[in-house]
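**Student:** Here it is, the structure, as structure tokens.
The values are calculated or read from the model by the stated rules, or taken from the named source; none is laboratory data. Because the structure is a prediction, the values reported are computed rather than measured. We place every Cβ from the backbone using ideal geometry, glycine too, and count neighbours over all the protein chains shown. The protein model used for the area step is the full one, side chains on, heavy atoms only, and it has no ligands, DNA or RNA in it. Shrake-Rupley method; radii C 1.70, N 1.55, O 1.52, S 1.80 Å.
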Amino acid sequence: MLLTWIGGIIAGIILAWAAVLSGLMISGAMEKPHSPQATVVVLGCKVKGETPSLHLSRRIEAAAEYLKAHPDAHCVASGGKGNGERISEAEAIARGLTAAGISPERIALEDASVNTLENLTFSKALIEQQGWDPELVLITDDFHQYRAGHIAKGLGLTVSPVNAKHTWHTFPANYARELLAITKELLFPAKSTS
């Protein structure tokens with residue numbers, strides 16, 4: 001009986017924590033006003049050889065649509081090269097954007113990062129070097145927006161989200177992974193190496 005009672009309390013705490021984090025994810029994905037010249041940062045995701053994963057393809061589509069609607073905005077394609085990737089995630093993003101009709105002159109590659117903190121840290125430095133608008137539009141999956149925005153704010157960046165379209169069949173696994181990643185970030189905030 002005592003074990004059942006303790007198990008119920010633990011389950012209740014876990015469910016309450018998941019509900020709080022879900023609320024944070026929803027608030028992080030809600031679009032906020034931003035400058036039409038704000039710099040777009042497309043956060044990288046898996047590339048299979050030279051082919052963007054479904055999630056990265058959706059991010060590229062969202063970025064292309066946004067950049068066509070905001071012709072004065074520049075873009076940082078952000079993401080290094082991981083295992084099984086013949087090109088960097090940044091290169092895959094840039095290729096996808098240029099194939100969609102975005103001028104290569106509007107795109108800078110940040111191809112050294114291996115995680116969200118590095119995506120944003122290295123992109124910030126590149127934006128400063130280029131003299132582009134320091135206000136950012138982050139393009140990533142909606143469930144990733146809160147954590148990415150939280151990290152960006154920790155770096156002193158002003159950000160607004162633009163969400164890639166959902167991939168419903170992968171959402172449960174990605175949602176669960178993101179709950180754990182947010183918990184880790186809130187308990188042990190990542191520190192910039194620069």
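**Student:** I need the full set of residues from the range 137-161 which are part of a strand (DSSP E or B) and open to solvent by 10 Å² or more (accessible area, probe 1.4 Å), in order please.
**Tutor:** Across the range 137-161, the qualifying residue is only Val159.
**Student:** Exactly one condition in (1) assigned to a helix (DSSP H, G or I); (2) open to solvent by 10 Å² or more (accessible area, probe 1.4 Å); (3) under 19 Å from Lys48 (Cα atoms) is false for Glu105; which is it?
**Tutor:** Of everything listed in (1) assigned to a helix (DSSP H, G or I); (2) open to solvent by 10 Å² or more (accessible area, probe 1.4 Å); (3) under 19 Å from Lys48 (Cα atoms), Glu105 misses just condition (3).
One line per residue, one yes/no per condition, for (1) free of Cβ contacts under 8 Å to residues at least 60 places away in the same chain; (2) open to solvent by less than 10 Å² (accessible area, probe 1.4 Å):
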| position | (1), (2) |
| --- | --- |
| Pro52 | yes, no |
| Leu56 | yes, yes |
| Ser88 | yes, no |
| Arg95 | yes, no |
| Thr116 | no, no |
| Leu126 | yes, no |
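**Student:** So Val76 fits all but one of (1) in a strand (DSSP E or B); (2) free of Cβ contacts under 8 Å to residues at least 40 places away in the same chain; what number is the exception?
**Tutor:** Status for Val76: all satisfied but (2).
**Student:** Oh, and also: Could you list all residues from the range 52-67 that are touching a Gly at 6+ places or on another chain (Cβ under 7 Å) and charged (D, E, K, R)?
**Tutor:** Selection gives nothing.
**Student:** Please count how many residues of the range 79-102 are part of a loop (DSSP other than H, G, I, E, B) and either touching a helix residue (DSSP H, G or I) at 6+ places or on another chain (Cβ under 9 Å) or among the small types (Gly, Ala, Ser) (or both).
**Tutor:** 10
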